Amino acid sequence: MKEERREFPGVERKERMQLTSAGLPIRPPEERIKDFDGVLLIPDVETAIQEALRCIHCPDPAPCFKACPADNDISLAMWHIEKGEFLEAADVYRQTSSLPEICSLVCPHDQLCQGACPRGKRGEPVLTGLLEAFVIQQQRETVGYKITVGVPTGKKVAIVGAGPAGVSCAEQLMSKGHHVTIFEAKPGPGGLLTYGIPNFKLPKEYVFDLWDDLIEAGIEFQPNTFVGKDKNIDDFFAEGYDAVFIGVGANVDAPMRVEGEDLPGVINATEFLIRANVPIDLLPEDMNTRPEIGNKVAVIGGGDTAADCLRSAIRLGAEEVICLYRRTEAEMPGNSHDRELTVDEGAQYQFLTQPIKFIAGDDGKLAAVECVKMELGEPDDSGRPRPIPIEGTNFIIEVDTIIKALGYWPDETIGKTTPDLEIHNWGLIVTDPETGATSREGVFAGGDGSTGPDLVVTAMVAGRKAAASIDKYLN
């Protein structure tokens, strides 16, 4: 924890307030829509230093520090960057984050560290996420990175799920000397990082670099193993594992329950993003072809997943891509920056619109969607205005493909196959939020499978907290 009222010598806050930002270096839309390569460009050394110099080093605890779920000492990192000490800055992030190369790209910085930066009240905040990505890349390109493995303890831990929570838990446990095996239902590692987030937001090489670190450190990996079906939690203890961490996420697409939902041409967001973005050799057997979407695509939903689907459809060659959302833009839960990029790339948004029926053509495939106009009423349980259908406003939109991006539910399989494991809310695993402990001794959990859909950084933090608790339990 940082000391109170820490000061950085020679910082003239008034002078720094006059420094302007060069802005996010982003590939132009007419170029980036032609491929799935990363949209964000990593800055050069001079630009990074100039951006870090804009930090006014607020008295501790700095707002950016308080807004970061990982407790990254961002002010100290900026101090190192402005002095050209990039490796020292990278070490600052690695002290509190197991996924700095990932969180620097996918965190909604405008809602976290950057959103808390007081400079944002009078111009642009310091681009903290971009600078984190810069120093981690500098570290990998100059000296590389290697997980420090602790003295072997003879203890074995099984981790279920190779996503953000599981990977972070594994990294921390290996640093304590415990032997770790990750069991994953998919053919490859990464979970959401590989099979959910598109490459243009998170280039896969960042995920694979992270995985290579774990392989070099000695992790064991068992892919294509669906825990709860292929084996269960009790099997791990019978096989000699001393503890189990469950980090399976919440990856069941929420159903819509409208007529025609099972028509060819209506696809869930998860399947669409996997088939559109994942390398062919890592695709599951039942999804091992690229999607054929036609010329006109509609995406239903308003979150980050909806934006990912819209942008992926554009890159797959759709001529017209439209988002149908039943509230207004003000109520959309997704990242506003992602939405701006989506519009720049050519997607359209149609608000206060609710699909109510999917219509088949003569060939039995999806041909159109029937919608109704909505108006907003009193707030519902989410705190947002309730969308209310306006009678007599039904209309038809011709489409080739519908992608449903309505949110995610937990998978109940592990909860239903694990005796004495307490679950709630349709399958979420009940845990102590500080330790990750479940109702079963020796079984810990964290991430979206416990909290419901949340951020990558919160899953990472949960994995680290659980690892500390597992280490204590094993000792």
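Brief remarks follow.
- Checked against (1) over 30 Å from ALA298 (Cα atoms); (2) out of contact with any strand residue (DSSP E or B) (no Cβ under 9 Å at 6 or more places or on another chain), PHE444 passes all but condition (2).
- Enumeration of residues in region 443-475 that are buried (at least 24 other Cβ atoms within 10 Å of the Cβ) and in a loop (DSSP other than H, G, I, E, B): GLY446, GLY447
- Residues that are assigned to a helix (DSSP H, G or I), over 21 Å from GLU101 (Cβ atoms) and touching a residue at least 60 places away in the same chain (Cβ under 8 Å), drawn from region 28-78: PRO29
- Filtering region 310-337 to residues that are assigned to a helix (DSSP H, G or I), out of contact with any Gly (no Cβ under 8 Å at 6 or more places or on another chain) and within 16 Å of LEU273 (Cα to Cα) leaves LEU310, ARG311, SER312, ALA313, ARG315.
- If the condition is being without any contact (Cβ under 8 Å) to a residue 24 or more places away in the chain, of a type in the set (D, E, K, R) and closer than 25 Å to ALA330 by Cα, then region 385-425 contributes ARG386, GLU391.
- Some residue of region 123-142 being at pLDDT 95 or above, under 19 Å from the mean Cα position of the chain (by Cα) and on the phi > 0 side of the Ramachandran plot: no
- Test for ARG290: is it in contact with a Leu (Cβ under 9 Å, 6 or more places away or on another chain), more than 18 Å from ILE403 (Cβ to Cβ) and assigned to a loop (DSSP other than H, G, I, E, B): no
- Residue match in region 300-313 (condition: in contact with a strand residue (DSSP E or B) (Cβ under 6 Å, 6 or more places away or on another chain), within 17 Å of GLY346 (Cβ to Cβ) and of a type outside the set (A, V, I, L, M, F, W, C)): no
- Residues in region 145-171 that are surrounded by fewer than 22 Cβ atoms within 10 Å (Cβ to Cβ) and within 23 Å of the chain's Cα centre (by Cα): TYR145, ILE147.
- Selection within region 54-106 - touching a Gly at 6+ places or on another chain (Cβ under 8 Å) and polar (S, T, N, Q): SER98, SER104
- Picking from residues in region 43-95 that are among the acidic types (Asp, Glu), surrounded by fewer than 18 Cβ atoms within 10 Å (Cβ to Cβ) and at pLDDT 95 or above, the one that is farthest from MET460 (Cα to Cα) is GLU46.
- Any hit, region 438-445, residues being of a type outside the set (S, T, N, Q) and under 29 Å from ASN335 (Cα atoms): yes
- Scanning region 17-34 finds no residues that are at pLDDT below 95, farther than 22 Å from VAL106 by Cα and touching a helix residue (DSSP H, G or I) at 6+ places or on another chain (Cβ under 6 Å).
- Residue count for region 22-47 satisfying the condition of being basic (Lys, Arg) and touching a Leu at 6+ places or on another chain (Cβ under 7 Å): 1.
- Contacts under 6 angstrom Cβ, first residue in region 192-216 being under 24 Å from PRO410 (Cα atoms), partner of a type in the set (D, E, K, R) and assigned to a helix (DSSP H, G or I), 6 or more apart: PRO198/ASP308
The values are calculated or read from the model by the stated rules, or taken from the named source; none is laboratory data. The model shown is predicted, which means the values in this text are computed figures rather than measured ones. Neighbour counts are summed over all protein chains in view; Cβ atoms, including those assigned to glycine, are modelled from backbone coordinates with ideal geometry.
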